[in-house]
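Everything on this sheet refers to the single structure shown next.
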Amino acid sequence: MNQPHADMQAKLVILGEVLFDCFPDGEAVLGGAPFNVAWHLQAFGIAPFFVSAVGNDALGERILNTVTHWGMDTRGISRVAQATGQVQIQIENGEPHYSIDEHSAYDEITLPDTLPEGDLILYHGSLALRHPHNQAQLQSLIDGRSLKRFIDINLRDPWWQAEHCLDLIRYADCVKINLDEMHVLAAAAEIYHDDWLQRAQHFKQYFSIVNLLVTRGDQGATLINAEGDTLHTGEPPHSPAFVDSVGAGDAFASVTLLGYLHNWDWHTTLERAQQFASFIVTQQGALCHDPNTYQDFKNLWGIL
Ligand SMILES: Nc1ncnc2c1ncn2[C@@H]1O[C@H](COP(=O)(O)OP(=O)(O)O)[C@@H](O)[C@H]1O
Ligand SMILES: [Mg+2]
């Protein structure tokens with residue numbers, strides 16, 4: 001009874017940025033794709049091990065307090081001399097545009113001694129890997145460990161390089177990327193097709209990606225799985241409560257990981273990921289602070 005599935009034995013490690021998203025109305029809310037994913041999964045009952053860094057400043061204090069209150073393990077979050085990360089967000093036609101500082105606390109991640117042992121699932125993005133320091137930390141996390149990698153590409157100008165992103169995704173177990181980003185990276189790899197799906201299939205094959213998840217905003221999402229089969233979600237419902245699409249991709253990624261850990265089939269996983277992502281676009285910013293909302297999703301999905 002209630003034996004966790006084998007995959008539930010694997011510990012999820014999430015590495016990357018935690019920062020404040022500063023909106024034009026002056027509101028500053030917690031964010032950073034890896035942090036958002038960790039936040040959602042904590043509320044969905046997974047307790048990921050989040051590895052990041054915050055400053056020795058008031059914002060860093062605020063992050064640690066909020067995270068502790070949410071029940072998250074803070075042992076992987078170090079405090080460093082650099083200031084806590086902040087991102088200025090402008091919303092144009094519901095779409096976010098980001099302005100990101102050159103160097104922030106999350107660029108100074110150090111792997112803690114308390115990293116979980118055994119089989120790991122590692123989630124990381126691309127922003128926090130923009131500088132060599134964190135790139136080296138990632139490499140030492142990967143080296144000599146048995147782990148599956150889930151990579152969420154977020155191309156944030158000017159903080160990305162196509163070659164580096166292409167190196168990151170090679171051989172990954174799952175890559176989440178939105179359609180625009182897929183086109184940009186495919187072009188950098190000189191992969192061309194008139195048809196976007198064929199382009200994605202070629203892209204997946206060329207980089208030996210096991211599962212490629214292409215999200216397409218209000219058009220839904222498409223998975224090309226290990227066997228090369230294609231699964232499309234339908235279009236998400238167009239909600240009159242839409243606020244902004246900040247964090248839609250992170251919400252989608254978090255439920256994809258949840259499905260992975262609970263061993264849901266891909267069809268179920270994608271449907272639920274879309275359900276949650278299309279709820280997050282009705283909230284300002286990427287997070288929900290109400291545990292009851294997460295509990296409602298857990299009830300809907302039959303998670304104890
Ligand atoms: N306007 C929207 N209405 C409903 N759901 C949306 C909307 N925009 C995005 N989503 C959901 O969120 C997912 C990820 O969004 P997308 O914009 O593709 O990712 P990213 O945030 O990484 O750019 C989509 O596949 C869809 O399920
Ligand atoms: Mg994204």
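Key figures for this structure:
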| item | result |
| --- | --- |
| Qualifying residue in segment 46-61 (condition: without any contact (Cβ under 8 Å) to a residue 12 or more places away in the chain and surrounded by 14 or more Cβ atoms within 10 Å (Cβ to Cβ)) | yes |
| Qualifying residue in segment 70-84 (condition: charged (D, E, K, R) and at pLDDT below 95) | no |
| Test: residue in segment 265-280 that is hydroxyl-bearing (S, T, Y), within 15 Å of ligand 1 (Cβ to nearest atom) and within 16 Å of the chain's Cα centre (by Cα) | yes |
| Test: residue in segment 194-202 that is in contact with an Asp or Glu (Cβ under 8 Å, 6 or more places away or on another chain) and not acidic (D, E) | no |
| Selection count, segment 95-106, where residues are in a loop (DSSP other than H, G, I, E, B) and either over 20 Å from the mean Cα position of the chain (by Cα) or free of Cβ contacts under 8 Å to residues at least 40 places away in the same chain (or both) | 3 |
| Condition met for A33 (closer than 23 Å to S126 by Cα and either buried (at least 20 other Cβ atoms within 10 Å of the Cβ) or modelled with pLDDT of 95 or more (or both)) | yes |
| Breaking point among (1) charged (D, E, K, R); (2) in a loop (DSSP other than H, G, I, E, B); (3) in contact (Cβ under 8 Å) with a residue 24 or more places away in the chain, for E163 | (2) |
| One residue from I14, I109 being buried (at least 20 other Cβ atoms within 10 Å of the Cβ), in contact with a His (Cβ under 9 Å, 6 or more places away or on another chain), at pLDDT 95 or above and in a loop (DSSP other than H, G, I, E, B) | I109 |
| Qualifying position, being buried (at least 17 other Cβ atoms within 10 Å of the Cβ), over 20 Å from the mean Cα position of the chain (by Cα) and in a helix (DSSP H, G or I), among A186, A251 | A186 |
| Checking G118 against (1) within 28 Å of Y260 (Cβ to Cβ); (2) assigned to a loop (DSSP other than H, G, I, E, B); (3) of a type outside the set (A, V, I, L, M); (4) free of Cβ contacts under 8 Å to residues at least 60 places away in the same chain, the condition it does not meet | (4) |
| Residue within segment 174-187 that is free of Cβ contacts under 8 Å to residues at least 24 places away in the same chain and more than 13 Å from ligand 1 (Cβ to nearest atom) present | yes |
| Residues located in segment 52-94, provided they are among the basic types (K, R), under 25 Å from Y294 (Cβ atoms) and not in a helix (DSSP H, G or I) | R75 |
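Let's see how each residue does on (1) more than 21 Å from S126 (Cα to Cα); (2) among the acidic types (D, E):
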site: K176; (1), (2): no, no
site: A186; (1), (2): no, no
site: F203; (1), (2): no, no
site: A221; (1), (2): no, no
site: E227; (1), (2): yes, yes
site: S239; (1), (2): yes, no
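The values are calculated or read from the model by the stated rules, or taken from the named source; none is laboratory data. On a predicted model such as this, the values are computed, not experimentally measured, just so you know. Heads up, the Cβs are rebuilt from the backbone with ideal geometry, glycines too, and the neighbour counts pull from every protein chain shown.
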